[in-house]
Each structure stands twice: as C-alpha cells, then as structure tokens.
Amino acid sequence: MSRKKTSPHVLIIVQNLPVPLDRRVWLECQALIARGYRVSVICPKGPGDPARQHIDGVDIYKYPPAPEAKGLLGFVWEFAYSWIRTALLSLTVRRNRRFDIIQACNPPDTYWLLALLWRASGVKFVFDHHDLNPELFISRFGEPRGGLKALEYRGLLWLERRTFRAAHRVISTNESYKAVALRRGRRSPDEVTVVRSGPDTRRMRPIYPDNPRPADSINLVYLGIMGPQDGVDQVLLVVDELVHRRGRDNVTATLLGFGDCFEDLTRQATALGLDEHVTFTGRVDKVAIAEHLSRADIGLCPDLKTPLNDVSTMNKTMEYMAYGLPAVSFDLVETRVSGGDTLLYVPSGDIAAFADAVETLIDDPALRAELGRKARTRVATLMDWRPQAEAYISVFDELSGYSTPGHPVPPTAADTADTDPEGRRYVDLDDTDEFDRYLTERSAGAERSTR
C-alpha cells in the first residue's frame with residue numbers, strides 16, 4: 001500500500017542523447033512507470049523524431065538539437081540553446097501536469113540552475129551522474145596549463161560543484177563516480193546511491209541471427225558513441241594490423257554507432273584501405289544491436305586509458321557480455337570491475353598487443369566459447385539491471401514518500417519466450433551443448449544442428 005495516494009510525477013532531462021535511444025535513461029523510465037510513477041522526458045530529437053511522443057507510458061518532449069559544437073563559443077552556444085529549449089519545455093510539461101521531482105542527467109552540468117528555479121514550487125532535484133566533465137575535458141584537450149584552457153577547466157569544476165550542491169540526491173554509475181561525489185561534491189555517503197548501467201539480461205540475450213557471417217570469416221564488432229575520447233580509431237589500426245600486416249584477410253569489423261568523429265573515421269578507413277573490411281552502420285536500434293552482437297565473434301573495447309575512461313563504466317562491455325561475446329579491452333579500472341576475468345586485457349594504446357589478443361581468440365574457438373559463457377553468466381548474475389532498478393527506485397521513494405509494492409522490472413511473457421518480437425529464435429541458454437555450439441559458430445550452422 002502506498003504512503004501517498006497521488007502518483008508523483010518525475011521529469012527527466014537528457015541533453016546527450018534522444019530517448020528511448022539512451023538505454024540507461026529508458027530503463028530508468030520503465031522502472032518508474034512499473035512502480036506507479038508518472039514520467040515525462042525532455043531531450044533532443046533524433047533523426048526523424050516528432051516533437052512529442054508517448055511511448056510505453058512515458059511522455060517525451062523533444063527539441064531540435066543544436067548544431068555540432070566547435071570550440072569554446074560553440075559549446076557555450078550549444079549549452080545555452082539546449083538549456084533554454086529545455087526550460088521552455090519544462091513550462092509546457094508543467095502546464096500539462098505538475099511535476100514533483102526533476103532528474104537531470106549529465107553532460108552537461110548546467111541544469112542545476114533550472115532545478116533551483118523550480119525548487120520554489122516544491123520540486124526536488126536528483127542528479128544522475130553519467131560523466132565526469134572535468135575528466136572529459138582533460139581526456140580530450142590535455143592538462144590545462146594556463147590561459148583560456150585553465151579557465152575552461154575551472155569553469156567545469158564550478159558547474160560540477162553547483163550541480164552536486166543543488167541536488168537533493170545523487171545517483172552515481174559506479175563506485176569511482178561515487179567517490180568523486182563524496183570528495184569533490186562534498187556529499188555524504190547516505191546522499192549518494194550507486195546505480196550501475198547493467199543490461200536487462202532477460203531481454204538482452206543471444207538470438208540466431210538472420211544474416212550470419214560466412215563460416216570462413218571472423219567478424220569483430222564495436223558498439224557505442226564515436227567521439228574523440230572513445231578510441232574508435234584504435235579499432236581501425238587493429239584491423240589494419242590484422243589484415244595488412246598479418247594477412248588475416250578473412251577479418252571484418254562492424255562499427256555500430258555515431259558521434260562527432262564518424263566522418264573522420266570513415267575517411268580514415270578509406271585511407272587505410274579497409275573499405276572492404278570495415279562496415280559503419282551509423283545509428284542503430286535494439287533490433288540491429290541484437291543481430292550484430294549475436295553474429296559477431298569478438299567484441300572490441302578500444303577506449304584508451306584516460307582520466308575519464310579509467311573510472312567510467314562502459315555500457316558496450318556489459319552488452320557484449322549479455323550476448324555471450326568474448327571481448328578484448330585496453331586495461332581500465334572500471335572495465336575490470338565489469339568484465340572480471342571474462343575479457344582479455346592489454347596495455348592502453350598497444351596496437352600490437354591488442355591484435356595479439358584478437359588473434360588468440362581467432363585461433364582458439366574453445367577459448368571464445370569459454371569466455372563468452374563466463375561473460376554471460378557474470379553479467380546475468382552480477383550486473384543485471386533488476387537489482388540496480390531497485391536501488392534507483394529507492395531514491396525516488398525516499399524523496400517523495402511514495403511507495404508501491406512490486407518489481408521495478410516486472411516479469412513478462414517476453415522474458416521466457418522462444419523468439420524475440422521480430423520472430424528471431426533465442427538461443428537456449430540452458431542447453432549447455434547447444435549454447436557451446438552457438439558460442440563457437442555464432443551462425444545458422446548452430447541453429448540447423450537443433451532442427
């Protein structure tokens with residue numbers, strides 16, 4: 001029985017990605033809806049998106065994104081434009097339905113001011129801490145050693161402090177981020193809750209792909225944003241090493257995603273003579289993600305060791321694991337927390353070592369199957385979204401005084417279905433022999449053997 005009869009209304013603000021494309025935010029929305037909250041979201045439009053959407057109980061208000069930012073003035077304009085569009089849409093949301101809590105997801109760290117303006121109406125503020133913007137600055141531009149760069153860096157620290165100070169509660173994506181909230185944000189441990197970005201492994205699980213890769217080929221895959229800090233150029237260097245220097249003509253790579261570096265990466269692939277070996281898909285949905293991660297042989301985590309990447313949780317790592325996909329990663333602190341002993345780790349920036357690790361997996365199908373099986377078990381038992389959703393909901397229950405029984409991710413028939421919504425057959429994870437066969441072949445060959 002709830003402690004309050006009226007369902008609280010939560011307004012979630014996202015600037016970095018559209019919703020529901022932002023997987024973490026969408027899982028949060030669904031958890032709130034499942035526990036009786038009303039939810040609205042303000043975010044930028046994706047290609048072809050309408051200005052208003054109502055999806056699975058969530059009201060989504062969207063604005064045209066700002067042009068791609070270049071230089072300090074470009075970023076200032078982007079942040080100011082997005083802030084004003086968000087503020088105006090918050091008035092629209094308010095006219096339709098009073099909201100009780102604002103959740104702002106960074107980057108950027110600018111929505112504390114909007115939260116303060118709404119505080120006079122009794123609205124509380126939750127900061128969902130997705131990125132360390134000062135560390136992001138250093139990772140992209142190097143250590144600030146004076147002049148304008150030092151001023152920009154100090155400005156980011158000031159914005160971060162203001163965000164931490166304005167928040168009633170802070171949600172951190174991992175323990176490293178929580179440590180920053182305690183140290184730089186000067187928040188007490190009881191004001192900070194860790195909610196990891198784990199996948200919903202009952203629904204994110206391997207399928208038999210519609211278009212399996214040829215039996216005599218090896219397909220590498222990258223999933224994620226393609227920004228300067230994401231190291232996707234390292235993937236191209238690894239493929240160049242494998243194909244042109246080590247004679248691995250049967251290696252292909254599929255790069256799923258988009259970002260500021262997308263066009264530069266396609267030009268780099270052409271310059272390296274990799275157009276026949278590398279496919280760029282652009283923006284992908286969950287249907288395409290399931291297809292590509294189910295048909296690929298090896299996942300790639302090319303994020304270099306930087307002040308940001310070292311302490312950030314990489315969603316792609318856990319998504320590879322959910323599909324039983326062995327992966328190679330540069331050695332990062334939080335990636336080891338996620339992957340444990342199910343990944344192969346190499347020194348940051350060592351292309352030859354990365355290629356060596358990939359070759360080890362290419363030449364040892366049994367090792368690929370072993371790591372894939374362990375990865376799937378680890379992510380399903382330790383990293384799944386369901387317990388994270390409980391921690392997430394507890395923050396809002398505490399702030400609102402509202403609580404209803406039930407699961408924030410209620411089980412559905414889809415959790416145990418034999419096929420996904422597109423009719424593709426799920427791999428039977430309980431059939432050890434068949435799962436091992438799939439992990440080795442990852443193709444229609446494994447499916448045919450069960451018919």
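The values are calculated or read from the model by the stated rules, or taken from the named source; none is laboratory data. The structure presented is a predicted model; accordingly, all values stated were derived computationally and were not measured. When we count neighbours, we look across all protein chains shown, and the Cβ atoms used for this are built from the backbone with ideal geometry, even at glycine. SASA here: full protein model, heavy atoms, side chains in, ligands and nucleic acids out. Shrake-Rupley method; radii C 1.70, N 1.55, O 1.52, S 1.80 Å.
Assuming charge only on the beta carbon of Lys and Arg (+1) and of Asp and Glu (-1), the dipole of the chain about its Cα centre is about 2560 debye to the nearest 20.
How tilted is helix 23-34 with respect to the longest principal axis of the chain? Cα atoms for both, answer in degrees (0 to 90, nearest 10). Approximately 60 degrees, to the nearest 10.
Cross-link reach is defined here as a Cα-Cα straight distance under 16 Å, omitting same-chain residues fewer than 8 places apart; for LYS305 the aspartates and glutamates meeting it are ASP131, GLU135, GLU143, ASP230, ASP233, ASP331, GLU334, ASP350. Peptides 35-42, 275-282 ranked from most to least packed by the mean count of surrounding Cβ atoms within 10 Å: 35-42, 275-282. Using Cα atoms only, what is the angle between the long axis of helix 432-441 and the major principal axis of the chain, expressed in degrees (0 to 90) to the nearest 10? The angle comes out at about 80 degrees. To the nearest ten degrees, helix 262-271 and the longest principal axis of the Cα atoms of the chain are 20 degrees apart. May I ask you to work out the translational diffusion coefficient for the range 204-333 at 37 °C, viscosity 0.692 mPa s, via Stokes-Einstein with Rh from the Kirkwood sum over Cα pairs, reported in whole µm²/s? Translational D for this selection: 220 µm²/s.
For the chain, the spread of Cα coordinates along the three principal axes comes to 65, 58, 41 Å, biggest extent given first. Helical runs (DSSP H, four residues minimum) scored at -39500 (n - 2.57) apiece and divided by the length of the chain put the mean residue ellipticity at 222 nm at -13000 deg cm²/dmol. In the range 89-163, Cα pairs under 8 Å separated by at least six residues give a relative contact order of 33 percent. Over the chain, accessible surface divided per residue gives 42 Å², non-protein components excluded, 1.4 Å probe.
Could you work out what % of the accessible surface of the range 49-174 is carbon and sulfur, using a 1.4 angstrom probe and leaving DNA, RNA and ligands out of the count? Spell out each step's value before the answer.
Values: 3480 of 5890 Å².
Using a 1.4 Å probe with all protein chains present, the range 49-174 comes out at 59 percent carbon and sulfur.
Computed from backbone phi, the HN-Hα couplings of the range 301-312 come to 10, x, 5, 6, 6, 10, x, 7, 4, 4, 10, 9 Hz, rounded to whole numbers (Karplus: 6.51 cos²θ - 1.76 cosθ + 1.60, θ = phi - 60°; Gly and Pro given as x).
Any idea how many Lys pairs in the range 1-159 come in under 22 angstrom at the alpha carbon, given 8 or more places apart or on separate chains?
Details: LYS4/LYS124; LYS5/LYS124; LYS45/LYS62; LYS45/LYS70; LYS70/LYS149.
Lysine pairs meeting both conditions in the range 1-159 amount to 5.
Each listed q (0.14, 0.17, 0.22 Å⁻¹) maps to a log10 I(q)/I(0) for the range 346-431, found by the Debye formula over equal Cα scatterers with no solvent: -0.82, -0.94, -1.12.
Within the accessible area of the range 254-389, the carbon and sulfur atoms contribute 55%, probe 1.4 Å, all protein chains present.
Ranked by the mean number of other Cβ atoms within 10 Å of their residues, highest first, the peptides 128-139, 110-121 fall in the order 128-139, 110-121. Any chance you could tell me what percent of the C-alpha pair distances in the range 396-435 go past 12 Å? For the range 396-435, the share of Cα pairs beyond 12 Å comes to 72 percent.
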